[in-house]
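> The following block contains the structure, expressed as structure tokens.
The values are calculated or read from the model by the stated rules, or taken from the named source; none is laboratory data. Small disclaimer: the values here were computed from a predicted structure and weren't measured. Don't worry about glycine lacking a Cβ; one is built from the backbone with ideal geometry, like all the others, and counts go over all protein chains shown.
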Amino acid sequence: MIYRYDIRFRLSQKAKPFFDVMLLARKEENLEDLKIINADNLLYTSLSESEFIIEEILPVGLHIFCGAPKVGKSWLMLDLCIKVSKGEELWNLKTKQCDVLYLALEDTYQRLQKRLFKLTDEIGSNFHIAIESNKITNGLVIQLEQVLKQYSNIRLVVIDTLQKVRKQSNDINYSADYGEISLLKSFADKNKIAVILVHHLRKQDDSDVFNKISGTAGIMGSSDTTFILEKKSRDETVATLFVTGRDVEYQTFTLRFEDCRWNLIERSFQKELEIKNAPEIVDNVISFINEKEMWQGTATELLEILDKKDITPQYLTKVLNEYSKTVLSDNKISFATSRTSSSRLVILEKDIVEASEKIAEAVIIRNDNDNNDDDDSESTHH
């Protein structure tokens, strides 16, 4: 017996112009079984590493590249495409030479030609350009599949911009954003290529640069890697490129726009950024321990020694724990806490191999002192 029923649903009423998905559920002999792998087998199975088109920053998959209007996104994308098509390094990072498809949907051939004149003296036949395409929900993926059949060595597709391949709508909807981007992600994953969607940032300020992406969190949520190019002001020639992703370590590139391309000034990784952005109190503690070599006591006592009346003991303990594996560790300072009968100890130690044993010994000494002291008030240890 065959059971057949159709379920029509809409991701939301607002997304109606974009999605009208028909789910067809059938109980048939040819229904595919759910593919399951045993975790034990997965643990010991040798799997290939993620393939990168640009080492360390651009793996195979779906990626979002965002920046404010006129910030220089298209210049960077064109230069990136040229370098990948030639197999040249980008910011000292190796590229995998391959065919490239660049959908420059906001440009003309005349403008693209002028930019090519400025960026390169020669270009191979493996760099392909189009200035028109269908929308995502109106056959774009089919168009891309047809291009891949004609040029099978294409491993990088850049769509500049995302807004040009979406239907016009004033509605901002998570389901619509996630659904449309997921169609392109499925295309990228299926064909094992990298797809970059160029997109805009909102004008509003936010302490988290990734919250400035125009649209909903569905855009970033459906992508494998997110790039944000941001300048402090429009007339600046220096910008910061923020990079984060599933297979990419969080990092930043400080870039300068000169001779029509973005050139590298500095590259920083998360650990280096944490060190650079560490609160001043961490530096104060490091200087203090460099002189004392070892100190134990309460956070309140430590703040009194450092004369930091505007910081709470709770905040100090949290910050020291947060930076214990980065800034403190890099300065060869160990950090631990331990609770006695009357208080919580902060224990800091400089460059001692058997730190754990000495910390334990310090806790025992402190406990003995507490037991011999009828007064519950905290005492300072230097």
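> So Q97 fits all but one of (1) touching an Asp or Glu at 6+ places or on another chain (Cβ under 9 Å); (2) touching a residue at least 40 places away in the same chain (Cβ under 8 Å); what number is the exception?
(2)
> If I ask for residues that are part of a loop (DSSP other than H, G, I, E, B) and in contact (Cβ under 8 Å) with a residue 24 or more places away in the chain, which ones from segment 216-239 would you list?
Result: T216, S222, S223, D224, K231, R234.
> A follow-up question, please. Among all residue pairs at least 6 apart or on different chains, which show Cβ distances below 8 Å where the first residue, located in segment 194-215, is farther than 16 Å from T161 by Cα and the second is buried (at least 23 other Cβ atoms within 10 Å of the Cβ)?
Going by the 8 Å Cβ cut-off, the qualifying pairs are V209/I228; F210/I228; K212/C66; K212/I228.
> Might you check whether a residue that is out of contact with any His (no Cβ under 9 Å at 6 or more places or on another chain), among the charged types (D, E, K, R) and either at pLDDT 95 or above or not assigned by TED's automatic domain parsing to the domain that holds C260 (or both) occurs anywhere in segment 204-224?
Checked against the condition, which is being out of contact with any His (no Cβ under 9 Å at 6 or more places or on another chain), among the charged types (D, E, K, R) and either at pLDDT 95 or above or not assigned by TED's automatic domain parsing to the domain that holds C260 (or both), segment 204-224 yields no hits at all.
> Ok, one more. Any idea which residue in segment 161-189 is farthest from V71 (Cα to Cα), counting only those that are of a type in the set (K, R) and in a helix (DSSP H, G or I)?
K185
> Return yes or no: is D206 in a helix (DSSP H, G or I) and either surrounded by fewer than 16 Cβ atoms within 10 Å (Cβ to Cβ) or out of contact with any helix residue (DSSP H, G or I) (no Cβ under 9 Å at 6 or more places or on another chain) (or both)?
The answer is no for D206.
> For S152, are the conditions met, namely being small (G, A, S) and over 18 Å from F65 (Cβ atoms)?
yes
> Restricting to segment 90-100, name every residue that is out of contact with any helix residue (DSSP H, G or I) (no Cβ under 6 Å at 6 or more places or on another chain) and either hydrophobic (A, V, I, L, M, F, W, C) or buried (at least 17 other Cβ atoms within 10 Å of the Cβ) (or both).
Those that are out of contact with any helix residue (DSSP H, G or I) (no Cβ under 6 Å at 6 or more places or on another chain) and either hydrophobic (A, V, I, L, M, F, W, C) or buried (at least 17 other Cβ atoms within 10 Å of the Cβ) (or both): W91, L93, Q97, C98, D99.
> Right, another one. So which strands (runs of 3 or more DSSP E) stay within segment 68-160 end to end and still have 3 or more residues that are under 30 Å from the mean Cα position of the chain (by Cα) and under 30 Å from E236 (Cβ atoms)?
Filter on segment 68-160 gives 99-104, 154-160.
> If A176 satisfies every condition in (1) surrounded by 16 or more Cβ atoms within 10 Å (Cβ to Cβ); (2) modelled with pLDDT of 95 or more; (3) not hydroxyl-bearing (S, T, Y) but one, which is the exception?
Of everything listed in (1) surrounded by 16 or more Cβ atoms within 10 Å (Cβ to Cβ); (2) modelled with pLDDT of 95 or more; (3) not hydroxyl-bearing (S, T, Y), A176 misses just condition (2).
> Restricting to segment 137-160, name every residue that is free of Cβ contacts under 8 Å to residues at least 24 places away in the same chain, within 19 Å of S125 (Cβ to Cβ) and of a type outside the set (S, T, N, Q).
Listed by number, the list holds a single entry, K149.
> Go through segment 218-243 and count every residue that is loosely packed, with under 15 Cβ neighbours inside 10 Å and over 18 Å from G61 (Cβ atoms).
7
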